[in-house]
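Enquirer: Following this message is one structure expressed as structure tokens.
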Amino acid sequence: MDQSHIRNFSIIAHIDHGKSTLADRILQITGAVSDRDMRAQILDSMDLERERGITIKAQAVRVMYTADDGETYQINLIDTPGHVDFSYEVSRSLAACEGALLVVDASQGIEAQTLANAYLAIEGDLELVPVLNKIDLPAADPDLHARALADLIGDDPENVLRISAKTGQGVKEVLEAIVTRMPPPRGNPDAPTRALVFDSVYDQYRGVVAFVRVMDGYLTGGTKLRAMATASDFDAEEVGVMSPVMTPIARLSAGESGYIVTGLKSLHELRVGDTITVAAAPATEALSGYREAKPMVFCGLFPVDSDDYPGLRDALEKLSLNDASLVWEPETSQALGFGFRCGFLGLLHMDIIRERLEREYDLNLITTTPNVQYEVTTTTGEVVAVRSPVDLPSPNHIEQIEEPYVRCTVLVPQDHVGAVMGLCQDRRGNFVTMTPIENRQQVVYDMPLAEIVLDFYDQLKSRTRGYASLDYEMIEGRVGALVKLDILLAGEPVDALSMIVHRDSAFARGKGLVERLKATIPRQMFEVPVQAAIGGKIIARETVKAKRKDVLAKCYGGDISRKRKLLEKQKDGKKRMKHVGNVEVPQEAFLAVLQLDENSQ
Amino acid sequence: MMRSDPDGVAHLYVHLPFCASRCGYCAFVVEVGREHQRDAYLDALLMELERERAVLGALDTVYLGGGTPSLMGADRLARLLAAIGPLLAPGAEVSMEANPETVDEALLDAIVNGGVTRLSLGVQSSRPHLLGVLDRRATPDDAARAVALARAAGIGALSVDLILAVPGQSPDDLAADLEWIGHATPDHVSWYELEFKEGSAIARGNLAPPDEDMATDLYLAAVDGLEAAGYRWYELANFARPGAECRHSLAYWAASDYLGIGVGAVSTIAPRRWRNAPGIDRYMAALAAGDAPVRTHEELDADTRRRERWMLGTRVDSDLDVAWAGPPDRPAALEMLEAEGLIETGPGTVRLTRRGRLLQNAVVQQLMDFA
């Protein structure tokens, strides 16, 4: 199709602000999906995503729309992931578009992630169409939020569309705005082919399926293609579009979006952000903006039952097929046995992977304290990357430790600014700016990422009664006074409970942690000292008292089997415990680390 | 070691399931409000005894348990005891359970004449508010009256059952029980910790058991008080004046063979254990038809028997003979447990220390791999 009749756009919206409902409504109005086939929220294809109300992986859907000007347009809706962990993926999706709908809930207003993604879109020169959704809600305040939205993007409040995706009110106007306000693509159809990979999925029957936006040239099925960054060549087994199911077509031309079935066996061979060209007549220069996915958060994953180790490895292999940003390597813990140290884009990514492992692969896992990657300079001048507290060199060999910092943006009603600033200060934050946005404040702090990966988000939500929203981006590594906090059970250090903390908070954290562990570890046959130590020096101690009584009441003839079975059942319960020396430690103890702050403050 | 006694089984348990009401803590096979079936039940019971008597040798002990055996009434008990009498070895122990409020002179005369040598009274508590928690019908006065009647009837040995760690029980309540024992002077005391058994009303209710420290304090107070009064703590929950130990129970803890008859009754004749199904209608119908009662069977392999011997043998205060019980699954644990002061070992023997006895379950778990 002629490029003037093509529009590629994304929807930028906060979780629950109505992105999926609007997308569904657009599919319905354009007739891409019949009412009868309408499965609520077709774009969220994974159950897990549906339950969490978020979209992890972007996809592209093509609809045909006949506008008020009588012309028929090809409209490609390119979905974006909705979480801070996936900001790189968001940026690639936006790079595939000329415009974006900026959708905001008319009762909630702008949230921090919407703001961050809106900035990404502005930086990428996208035409933003502001939309207030849910105007049918009694709590809606469209005038207030229209002003804020217009302010943000330098537009007139009059131009803010007011709709209800739920009832369908105003959705037609949204489609008109896409056609009239957003520019068409302006690629060179005669130049060597360059297509941006903005998403890719692994299908067990078809291999890697890449979602692409053709920038220049064109793609046809049966052609030998090349991914420029990974330098992998493959055959385009099929090209097509989602409308909304996979529909093969002969050709994807400059300006159009669609998919390529590549037959590649792993997502590692075709990364999001890469440029696809034709192997026989390759482009000389790749599209800009590609970068390797870099894990930011690490934790150990160990099977509760050591027999599940091969199963865990298989599951990680399978998940990696469809998730190029998941990295993992074997790890051995004295306390937890064989497992894997895994790297994730962020906390949500970690939660999703862990949940999928447990749910889809039926594994029972222990997760160790999440941590970030530290750059440690040793006294010999060597720089080592430390992804686990266990790998930290001994203090007398450390020259300095550098930790990653993020710029953290919190959007919060005025009433809760104090609480947010208090929390950020507690977590070693450095104040940057505070800017009012209508009835709220945008509070910006530079903070160590390590402080965020613990429970910052939960704390932020609970201290602001859910009103604060958070976004953060990596800025740089900074040197910090960091120490390794060890936990000892019955005098033995437990590697899986070690953590790297700032010297100033070590005492409070150590104290809180031993208190929590004392509460979590059941009484044993012997007294168990629970200690926190830094470099061999004990800084906090609690004691799990010895069990005083553990007898089965009366036992007569009829009772013998019952009593024996009770012992067998208790034995099963013990199997779920981890044996650390002579101490039986329940799984919950390894999570006690995460709840640390509630107790220590 | 695995064979049954060549002279035949020497221990008989007879289950008499009738109760006037179900107690809050009870999850046993009992039948409430079906007294009109007592004759038919007794008929069935005697038929089962007749069917199984070939396995029996001269009986060293017999135990009539329930339920509430005393609810059977004097005549039926006399008929039952008359059938058992010829099977007894000289000097046999014949025990019977009774609830205090169901005991009268006629009943006591009937059972003493029928050969009962030992009466076990279900007193449970001397405190009215705790009897209420336990749904017991007897009052403290009923208990005192029953003790006096039993003594007057010339019963050989008198035992009382008490329960500790009842929700709401204080150390003063326990002291009151000890004082009650001081007056009643039974020969034997069974003092059980209340179990929140699945299926009992108390487990379904919202009463919380005392915490571990409180329950331990009550337990120790019971042990100390009874020892001071001259009772031997001969099994984890049982106390006796010298010579008044329950031989029938000792047979269980020695992992001996026993035959159990009646609805829900369990028998163990190595290497087999079986349990008669619950439900007296079904039980009576099967026997009336000339069949064995419906039963569930369990084969006890050598490892199971060995683990049961450790589980049972460490309950009593005498030495456990390792050659008899078989080796522990984890012999290394013996040294560790001894170092911790939980057991004492001699040449080929193991016994639990006082601290070890309160942790008997944990000690056995350390030594044996159940499951």
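Enquirer: Name the residues in region B:163-185 that are of a type outside the set (Phe, Trp, Tyr), in contact (Cβ under 8 Å) with a residue 40 or more places away in the chain and either in a helix (DSSP H, G or I) or within 19 Å of B:Val103 (Cα to Cα) (or both), would you? Steps first, answer last, please.
Expert: So the first thing to find is which residues in region B:163-185 are of a type outside the set (Phe, Trp, Tyr), and the list is B:163-179, B:181-185.
Next cut, in contact (Cβ under 8 Å) with a residue 40 or more places away in the chain only: B:163-167, B:169, B:171, B:173-179, B:181-182, B:184.
Hits for region B:163-185 are B:Pro171, B:Asp173, B:Leu174, B:Ala175, B:Ala176, B:Asp177, B:Leu178, B:Glu179, B:Ile181, B:Gly182, B:Ala184.
Enquirer: Additional query: For region B:34-56, state whether one or more residues are surrounded by 22 or more Cβ atoms within 10 Å (Cβ to Cβ) and touching a Cys at 6+ places or on another chain (Cβ under 9 Å).
Expert: No - not one qualifying residue is present in region B:34-56.
Enquirer: List every residue pair whose Cβ atoms sit under 7 Å apart, with the two residues 6 or more apart in sequence or on different chains, where the first one lies in region A:10-33 and is under 22 Å from A:Arg213 (Cα atoms) and the second, anywhere, is hydroxyl-bearing (Ser, Thr, Tyr) and in a helix (DSSP H, G or I).
Expert: What qualifies is A:Ser10/A:Ser93; A:Ile12/A:Thr114; A:Ala13/A:Thr114.
Enquirer: Moving on to the next point. Only one of A:Val453, A:Val444 is assigned to a strand (DSSP E or B) and of a type in the set (Val, Ile, Thr); which? Talk me through it step by step, then tell me what you get.
Expert: Values: A:Val453 fails: assigned to a strand (DSSP E or B).
Answer to the selection: A:Val444.
Enquirer: Something else about it: What residue, among those in region A:537-546 that are of a type in the set (D, E, K, R) and under 41 Å from the mean Cα position of the chain (by Cα), is farthest from the other protein chains (Cβ to nearest Cβ)? Outline the logic, then answer.
Expert: Going residue by residue through region A:537-546, those that are of a type in the set (D, E, K, R) are A:537, A:541-542, A:545.
When the remaining residues are screened for being under 41 Å from the mean Cα position of the chain (by Cα), the result is A:537, A:541-542.
Numbers: A:Lys537: 29, A:Arg541: 21, A:Glu542: 17 Å.
Among residues in region A:537-546 that are of a type in the set (D, E, K, R) and under 41 Å from the mean Cα position of the chain (by Cα), the one farthest from the other protein chains (Cβ to nearest Cβ) is A:Lys537.
Enquirer: Tell me which residues, restricted to region A:1-30, are among the aliphatic types (A, V, I, L, M) and out of contact with any helix residue (DSSP H, G or I) (no Cβ under 9 Å at 6 or more places or on another chain).
Expert: Narrowing region A:1-30 to residues among the aliphatic types (A, V, I, L, M): A:1, A:6, A:11-13, A:15, A:22-23, A:26-27, A:29.
Correct list: A:Met1, A:Ile6, A:Ala23, A:Leu27.
Enquirer: Check off (1) within 27 Å of B:Ile269 (Cα to Cα); (2) modelled with pLDDT under 95 for B:Leu59 and give me the number that stays unchecked.
Expert: Status for B:Leu59: all satisfied but (2).
Enquirer: Among (1) within 22 Å of A:Lys294 (Cα to Cα); (2) surrounded by fewer than 18 Cβ atoms within 10 Å (Cβ to Cβ); (3) not assigned by TED's automatic domain parsing to the domain that holds A:Glu451, where does A:Val384 come up short?
Expert: (3) is the only condition that A:Val384 fails.
Enquirer: Further question: Among the residues that make up region A:431-441, is at least one of them of a type in the set (Ser, Thr, Tyr) and within 21 Å of A:Gly480 (Cβ to Cβ)?
Expert: Step one: list which residues in region A:431-441 are of a type in the set (Ser, Thr, Tyr), which gives A:433, A:435.
Narrowing the set further to residues that are within 21 Å of A:Gly480 (Cβ to Cβ) leaves none.
There is no residue in region A:431-441 that is of a type in the set (Ser, Thr, Tyr) and within 21 Å of A:Gly480 (Cβ to Cβ).
Enquirer: Looking at A:Ala468, A:Ala490, can you tell me which residue is of a type in the set (A, V, I, L, M, F, W, C) and either touching a Leu at 6+ places or on another chain (Cβ under 8 Å) or within 30 Å of A:Gln400 (Cβ to Cβ) (or both)? If you could, list the steps in order and put the result at the bottom.
Expert: Working: A:Ala490 fails: either touching a Leu at 6+ places or on another chain (Cβ under 8 Å) or within 30 Å of A:Gln400 (Cβ to Cβ) (or both).
That would be A:Ala468, the only listed residue that is of a type in the set (A, V, I, L, M, F, W, C) and either touching a Leu at 6+ places or on another chain (Cβ under 8 Å) or within 30 Å of A:Gln400 (Cβ to Cβ) (or both).
Enquirer: Something else: When residues of region B:345-371 are filtered for being of a type outside the set (Asp, Glu), within 13 Å of chain A (Cβ to nearest Cβ) and outside any helix (DSSP H, G or I), how many remain?
Expert: Looking only at region B:345-371, we keep the residues that are of a type outside the set (Asp, Glu), and these are B:345-368, B:370-371.
After this cut, where a residue has to be within 13 Å of chain A (Cβ to nearest Cβ) as well, the list is B:352-368, B:370-371.
Next, from what is left, pick out any that are outside any helix (DSSP H, G or I): B:352-353, B:359, B:368, B:370-371.
Qualifying residue count, region B:345-371: 6.
Enquirer: Determine whether B:Ser190 is in contact with an Asp or Glu (Cβ under 7 Å, 6 or more places away or on another chain), under 29 Å from B:Arg118 (Cβ atoms) and surrounded by 15 or more Cβ atoms within 10 Å (Cβ to Cβ).
Expert: Details: in contact with an Asp or Glu (Cβ under 7 Å, 6 or more places away or on another chain): yes; under 29 Å from B:Arg118 (Cβ atoms): yes; surrounded by 15 or more Cβ atoms within 10 Å (Cβ to Cβ): yes.
Judged against the criteria, B:Ser190 is a match.
Here is a yes/no grid of residues against (1) in contact with a His (Cβ under 7 Å, 6 or more places away or on another chain); (2) closer than 27 Å to A:Thr332 by Cβ; (3) at pLDDT 80 or above:
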position: A:Pro529; (1), (2), (3): no, yes, yes
position: A:Ile534; (1), (2), (3): no, yes, yes
position: A:Val585; (1), (2), (3): no, yes, yes
position: A:Val593; (1), (2), (3): no, yes, no
position: A:Asp597; (1), (2), (3): no, no, no
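Enquirer: Need at least 1 residues that are over 29 Å from B:Gly91 (Cβ atoms) and at the interface with chain A (Cβ under 8 Å from one of its Cβ atoms) per element, so show me which helices (runs of 4 or more DSSP H) inside region B:190-286 make the cut, counting only ones lying wholly within it.
Expert: Values: elements: B:201-204, B:212-228, B:247-253.
Result: B:212-228.
Enquirer: So, one more: Between residues in region A:213-226 that are of a type in the set (Val, Ile, Thr) and residues that are buried (at least 19 other Cβ atoms within 10 Å of the Cβ), which pairs lie under 6 Å by C-beta distance while being six or more apart or on different chains?
Expert: What qualifies is A:Val214/A:Ala195; A:Val214/A:Leu252; A:Val214/A:Ala254; A:Val214/A:Glu256; A:Thr223/A:Ala236; A:Thr223/A:Val278.
Enquirer: How about region A:248-264: which of its residues are in contact (Cβ under 8 Å) with a residue 24 or more places away in the chain and not in a strand (DSSP E or B)?
Expert: Pass one, region A:248-264, residues in contact (Cβ under 8 Å) with a residue 24 or more places away in the chain: A:248, A:250-264.
If the condition is that a residue be in contact (Cβ under 8 Å) with a residue 24 or more places away in the chain and not in a strand (DSSP E or B), then A:Ala250, A:Ala254, A:Gly255, A:Glu256, A:Thr262, A:Gly263, A:Leu264 are the ones that fit.
Enquirer: Within region A:163-170, is there a residue that is surrounded by fewer than 21 Cβ atoms within 10 Å (Cβ to Cβ) and in contact with a helix residue (DSSP H, G or I) (Cβ under 8 Å, 6 or more places away or on another chain)?
Expert: The answer is yes; a qualifying residue exists.
Enquirer: Within region B:321-344, is even one residue among the acidic types (Asp, Glu), closer than 23 Å to B:Ile269 by Cβ, within 8 Å of another protein chain (Cβ to nearest Cβ) and under 25 Å from the mean Cα position of the chain (by Cα)?
Expert: No; the residues of region B:321-344 include none that is among the acidic types (Asp, Glu), closer than 23 Å to B:Ile269 by Cβ, within 8 Å of another protein chain (Cβ to nearest Cβ) and under 25 Å from the mean Cα position of the chain (by Cα).
Enquirer: Which residue pairs have Cβ atoms under 7 Å apart, sit 6 or more places apart or on different chains, and have a first residue in region B:75-86 that is part of a helix (DSSP H, G or I) and a second that is of a type in the set (Lys, Arg)?
Expert: B:Arg76/B:Arg38
Enquirer: Filter region B:155-169 for residues that are away from chain A (no Cβ under 14 Å), out of contact with any helix residue (DSSP H, G or I) (no Cβ under 8 Å at 6 or more places or on another chain) and modelled with pLDDT of 95 or more and give the result.
Expert: Across region B:155-169, the qualifying residue is only B:Ala157.
Enquirer: Could you list all residues from region B:240-250 that are surrounded by 21 or more Cβ atoms within 10 Å (Cβ to Cβ), hydrophobic (A, V, I, L, M, F, W, C) and closer than 17 Å to B:Leu59 by Cα?
Expert: B:Cys246
Enquirer: For region A:395-414, name all the residues that are touching a residue at least 40 places away in the same chain (Cβ under 8 Å) and either of a type in the set (Val, Ile, Thr) or surrounded by fewer than 22 Cβ atoms within 10 Å (Cβ to Cβ) (or both).
Expert: In the first step, residues of region A:395-414 are kept if they are touching a residue at least 40 places away in the same chain (Cβ under 8 Å); the result is A:395, A:400-413.
Within region A:395-414, A:Pro395, A:Gln400, A:Ile401, A:Glu402, A:Pro404, A:Val406, A:Arg407, A:Thr409, A:Val410, A:Val412, A:Pro413 meet the criteria.
Enquirer: Now a separate question. For region B:320-333, enumerate the residues that are surrounded by 15 or more Cβ atoms within 10 Å (Cβ to Cβ) and modelled with pLDDT of 95 or more.
Expert: Filtering region B:320-333 down to residues surrounded by 15 or more Cβ atoms within 10 Å (Cβ to Cβ) leaves B:320, B:322, B:325-326, B:328-329, B:333.
Correct list: B:Leu320, B:Val322, B:Ala325, B:Gly326, B:Pro328, B:Asp329.
Enquirer: What number of residues in region A:547-586 are outside any helix (DSSP H, G or I), free of Cβ contacts under 8 Å to residues at least 40 places away in the same chain and more than 9 Å from every other protein chain (Cβ to nearest Cβ)? Talk me through it step by step, then tell me what you get.
Expert: Here is the first cut: in region A:547-586, the residues outside any helix (DSSP H, G or I) are A:547-556, A:576-586.
Next cut, free of Cβ contacts under 8 Å to residues at least 40 places away in the same chain only: A:547-556, A:577, A:579.
When the remaining residues are screened for being more than 9 Å from every other protein chain (Cβ to nearest Cβ), the result is A:577, A:579.
Within region A:547-586, residues that are outside any helix (DSSP H, G or I), free of Cβ contacts under 8 Å to residues at least 40 places away in the same chain and more than 9 Å from every other protein chain (Cβ to nearest Cβ) number 2.
The values are calculated or read from the model by the stated rules, or taken from the named source; none is laboratory data. Just so it is clear, the structure is predicted and the values come from calculations on it, not from any experiment. Ideal geometry is used to build each Cβ from the backbone, glycine not excepted, and the neighbour counts take in all protein chains shown.
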